[in-house]
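Working notes, structure below.
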Amino acid sequence: MDCCCRVRRPKLVITLFSLFLMKGLKTNQIIVNTFLKCLCYAKRTDKAVNVLLHRMSELGCVPNAFSYNIVLKSFCDYSMSQRALELLQMIAEEGGGCFPDVVAYNTVIHGLFMEGETGKACNLFHEMVQQDVAPSVVTYISIIDALCKARAMEKTELVLWQMVANGAHPDTMTYSCMINGYSTSGRLKEATKLLREMTGRGLIPDIVTCNSFLASLCKLGRSKEAAEFFESMTAKGHKTGYRLIPHFASWVCYRRMLC
DNA sequence: TTAGGGTTAG
C-alpha cells in the first residue's frame with residue numbers, strides 16, 4: 001500500500017485495502033494509517049476523517065498521534081487550516097487518551113500561518129505551551145518564517161532569543177530563514193553577522209541562502225562586496241571553511257555585477 | 001518491514 005502511494009497510485013491502495021478487509025485479515029494502526037495517508041493523497045480528506053473518527057474503532061484500531069497528524073496535515077495542505085484547528089481542539093477535548101503532540105501543533109500552526117491566520121496561529125502557540133507541549137525547532141521556524149515575511153525582524157529576534165532560552169537550538173534552516181529575512185529587508189549587516197555566527201557553530205549555509213544574500217547585495221548596488229562574497233562562497237578558503245557549487249541564480253547575480 | 005511537522009535565491 002505504501003509503495004502504491006509513493007508511485008502515485010492511491011486508487012490502487014483503496015482497492016488493496018478493500019481486498020484486505022474482504023479477506024478478513026486483521027488490521028493494525030500502521031496499515032490503517034498508511035490507508036489514511038493514501039486517502040489524503042487522493043484528496044479524499046473527508047473520507048479519511050470518517051475512517052479516523054468512526055471506521056478505525058470498528059476495525060479494532062484506536063487512532064494514535066500518527067493517525068490524527070496525517071489528517072491534520074492534509075487539511076493544511078489543502079488550505080483548510082480552520083478545519084485542522086477544529087479537529088485538533090476536538091482531539092484535545094475528547095481524543096480518547098491520545099492528546100495532540102508537538103507534531104500536531106506544529107502542523108496546524110504552520111497551516112494557519114500559510115493561510116495568513118497569524119492571530120489564530122499565535123493563539124495556538126500559547127495554547128500548546130499551556131498544555132505543557134514543549135515547542136520544538138520546527139515550531140519556532142514557522143513563527144520566525146512568518147515574522148520574516150512580514151519584515152518584523154525585531155520580533156523575530158525576540159522569538160530567536162526565546163527559542164534559545166527554551167533549549168531549542170537554531171539549526172541551518174532557522175539561520176536560513178533569518179538570513180533571508182534580513183537580506184530581503186535590505187539589512188545586510190545583520191545577515192552578514194548571522195552568516196558568520198552559523199559557520200562559527202559548524203553550520204554550513206546552503207546555496208539558496210547564499211544566493212538570497214548575494215541577490216540583495218546586487219540589488220543595493222554593492223557590487224564589490226557581492227563579488228567578494230561570490231568568490232568566498234565558491235572557493236573553499238580559510239575565511240568560510242566551506243565551498244558551494246553556484247546555481248544558475250548565482251551566475252545571474254555574478255553577471256549583473258560584471259555589467 | 002511499514003505511519004506524522006519546517007525555509008530561502010534568479
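One line per residue, one yes/no per condition, for (1) assigned to a helix (DSSP H, G or I); (2) closer than 25 Å to A:Gly111 by Cα; (3) modelled with pLDDT of 90 or more; (4) out of contact with any strand residue (DSSP E or B) (no Cβ under 7 Å at 6 or more places or on another chain):
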position: A:Phe17; (1), (2), (3), (4): yes, no, yes, yes
position: A:Val32; (1), (2), (3), (4): yes, yes, yes, yes
position: A:Val51; (1), (2), (3), (4): yes, yes, yes, yes
position: A:Val62; (1), (2), (3), (4): no, no, yes, yes
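Scanning the range A:245-259 for residues that are more than 7 Å from DNA strand B (Cβ to nearest atom), modelled with pLDDT under 80 and touching a helix residue (DSSP H, G or I) at 6+ places or on another chain (Cβ under 9 Å) gives A:Tyr254, A:Arg256, A:Met257, A:Leu258.
Answer yes or no as to whether A:Ala191 is in contact with a Phe, Trp or Tyr (Cβ under 9 Å, 6 or more places away or on another chain), closer than 26 Å to A:Cys122 by Cβ and in contact (Cβ under 8 Å) with a residue 12 or more places away in the chain. Don't jump to the end; show me each part of the working.
Working: in contact with a Phe, Trp or Tyr (Cβ under 9 Å, 6 or more places away or on another chain): yes; closer than 26 Å to A:Cys122 by Cβ: yes; in contact (Cβ under 8 Å) with a residue 12 or more places away in the chain: yes.
Criteria met by A:Ala191.
No other residue among A:Ser57, A:Ser74 is buried (at least 17 other Cβ atoms within 10 Å of the Cβ) and of a type in the set (Ser, Thr, Tyr) apart from A:Ser74.
Within the range A:175-197, track down each residue that is within 19 Å of A:Val164 (Cβ to Cβ) and among the hydroxyl-bearing types (Ser, Thr, Tyr). Selection gives A:Tyr175, A:Ser176, A:Tyr182. Across the range A:1-30, the qualifying residues are those that are out of contact with any Leu (no Cβ under 6 Å at 6 or more places or on another chain), more than 13 Å from A:Ile70 (Cα to Cα) and among the β-branched types (Val, Ile, Thr), and the one among them that is farthest from DNA strand B (Cβ to nearest atom) is A:Thr15.
Would you check if there is a residue in the range A:51-62 being in contact with a helix residue (DSSP H, G or I) (Cβ under 7 Å, 6 or more places away or on another chain) and polar (S, T, N, Q)? Among the residues of the range A:51-62, not one is in contact with a helix residue (DSSP H, G or I) (Cβ under 7 Å, 6 or more places away or on another chain) and polar (S, T, N, Q), which makes the answer no.
So which of A:Thr139, A:Thr107, A:Thr172 is in contact with a Lys or Arg (Cβ under 8 Å, 6 or more places away or on another chain) and within 12 Å of DNA strand B (Cβ to nearest atom)? Let's see the steps before the verdict.
Values: A:Thr139 fails: in contact with a Lys or Arg (Cβ under 8 Å, 6 or more places away or on another chain); A:Thr172 fails: in contact with a Lys or Arg (Cβ under 8 Å, 6 or more places away or on another chain).
On inspection, the qualifying residue turns out to be A:Thr107.
A:Ala191 falls short on exactly one of the conditions (1) more than 19 Å from A:His110 (Cα to Cα); (2) more than 12 Å from DNA strand B (Cβ to nearest atom), and that condition is (2).
Checked against (1) on the phi < 0 side of the Ramachandran plot; (2) outside the structural domain of A:Lys120 (by TED's automatic domain parsing), A:Cys76 passes all but a single condition, namely (2).
Condition first: more than 9 Å from DNA strand B (Cβ to nearest atom) and of a type in the set (A, V, I, L, M). Now tell me which residues in the range A:110-132 satisfy that.
Looking only at the range A:110-132, we keep the residues that are more than 9 Å from DNA strand B (Cβ to nearest atom), and these are A:112, A:115-132.
Listed by number, the residues that qualify are A:Leu112, A:Ala121, A:Leu124, A:Met128, A:Val129.
Check A:Leu52, A:Leu16 and return the single one that is surrounded by 12 or more Cβ atoms within 10 Å (Cβ to Cβ) and within 23 Å of A:Arg83 (Cα to Cα). Steps first, please.
Values: A:Leu16 fails: within 23 Å of A:Arg83 (Cα to Cα).
Of A:Leu52, A:Leu16, the one residue that is surrounded by 12 or more Cβ atoms within 10 Å (Cβ to Cβ) and within 23 Å of A:Arg83 (Cα to Cα) is A:Leu52.
Taking the range A:227-241 as the range and being surrounded by 15 or more Cβ atoms within 10 Å (Cβ to Cβ) and under 30 Å from the mean Cα position of the chain (by Cα) as the test, the residues that pass are A:Phe229, A:Phe230, A:Ser232, A:Met233, A:Thr234, A:Thr240.
Beta carbons closer than 9 Å, at least 6 apart along the sequence or on distinct chains, pair a first residue in the range A:43-61 that is touching a residue at least 24 places away in the same chain (Cβ under 8 Å) and not assigned by TED's automatic domain parsing to the domain that holds A:Met90 with a second that is outside any loop (DSSP other than H, G, I, E, B) and aromatic (Phe, Trp, Tyr) for A:Thr45/A:Phe75; A:Ala48/A:Phe35; A:Val49/A:Phe75.
The values are calculated or read from the model by the stated rules, or taken from the named source; none is laboratory data. Note that the structure is a prediction, hence the values are computed from the model and not measured. Methodologically, a virtual Cβ is constructed for each residue, glycine included, from the backbone with ideal geometry; neighbour enumeration extends over all protein chains shown.
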